[in-house]
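The values are calculated or read from the model by the stated rules, or taken from the named source; none is laboratory data. As the structure is a computational prediction, the values presented were derived from the model and not from experiment. Ideal geometry is used to build each Cβ from the backbone, glycine not excepted, and the neighbour counts take in all protein chains shown.
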Amino acid sequence: MALITCRPKSLPPDRLPSAARKAIEVNPANAAEHHRVARTPVGRPGGRKRLAVVRGRRWPVSGVRLSVAFLDSPPRDLRKRILLHLNAWSESANVRFAETRGVGEVRIARIDFPPVDAGYWSYIGTEILELEEDQPTMNLEGFTMHVSEREFRRVVRHEAGHTLGFEHEHMRSDLVKRIDRAKAFRFYDRDQGWTREEVKEQVLTPLSARSLYGTAESDPHSIMCYQIPAQVTKSGRAIAGGVDINEKDYAFAAAIYPKRLRKRR
């Protein structure tokens, strides 16, 4: 059973400078954030990693208004259900996803092949603006009306969080420190067929502690945190992971995209 089902998509290194310029145009505060990450060129999942500088990818503090297109024409009830869960973040934050018949800024597919494009993923924040208009920005492999409500809450709301610019919570350094590296290599080799490099990238490499996205303390129950099994932790205790947007998630989203901006005096 796959326990970490989301792998946020990453732009290839040669696209990052353009993506950074767009991110700063959208929100000048993005210029203040940067961290180095390992990136693999698109289409080369086992290829050699290159270090790249990633700028902040937040949308404007004034709010997020994103148009949504569905690339494989799913039925109306499914589109409506997906939009409902994308917009769950609007309960606390100034966020709105709205369907369009045109080219959406958010483009949702349900690809299950080839393997490199299958699964559940989203590009993060303003990176979606760097993609060609016929390319998906989010994938919900095989999602139909038969999928449980629990999975809609866990997966769709998680991917919406990435689109809003939120990183994986289980990649925070204090959570990564709980993982036994040797156990992680063995487990993810058996469970997901990952190479050592993939395990390092997906599980063992913490996000920058200086990220502007980060809250003061990590939250193992955040919707942005996937479960880390007991088999790979030093203590033998699992990192629970989130199944829905919780109060801390809502509060964080409200701080990043407040519904009411304070007027300057």
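Worth a mention:
- Within segment 171-223, tally of residues that are modelled with pLDDT of 75 or more and touching a His at 6+ places or on another chain (Cβ under 6 Å): 1
- Note on segment 54-101: among residues that are among the aromatic types (Phe, Trp, Tyr) and within 18 Å of the chain's Cα centre (by Cα), the one that is farthest from PHE252 (Cα to Cα) is PHE97.
- Candidate set: segment 82-137, residues that are part of a loop (DSSP other than H, G, I, E, B), touching a helix residue (DSSP H, G or I) at 6+ places or on another chain (Cβ under 7 Å) and among the hydroxyl-bearing types (Ser, Thr, Tyr); chosen: the one surrounded by the fewest Cβ atoms within 10 Å (Cβ to Cβ): SER92
- Summed over segment 138-173, residues that are in contact with a Phe, Trp or Tyr (Cβ under 9 Å, 6 or more places away or on another chain), of a type outside the set (A, V, I, L, M) and in a loop (DSSP other than H, G, I, E, B) total 6.
- Considering VAL26, VAL54, the condition of being within 30 Å of GLU151 (Cβ to Cβ) and either modelled with pLDDT under 70 or touching a helix residue (DSSP H, G or I) at 6+ places or on another chain (Cβ under 9 Å) (or both) is satisfied by VAL54 alone.
Rundown of residues vs (1) polar (S, T, N, Q); (2) touching a strand residue (DSSP E or B) at 6+ places or on another chain (Cβ under 7 Å), yes/no style:
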residue: HIS85; (1), (2): no, no
residue: SER92; (1), (2): yes, no
residue: ALA98; (1), (2): no, yes
residue: VAL103; (1), (2): no, yes
residue: ARG107; (1), (2): no, yes
residue: PRO115; (1), (2): no, no
residue: TRP121; (1), (2): no, yes
residue: GLU133; (1), (2): no, no
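- Residue list for segment 103-125, filter: β-branched (Val, Ile, Thr) and either at pLDDT 95 or above or over 22 Å from PRO13 (Cα atoms) (or both): VAL103, VAL106, ILE108, ILE111
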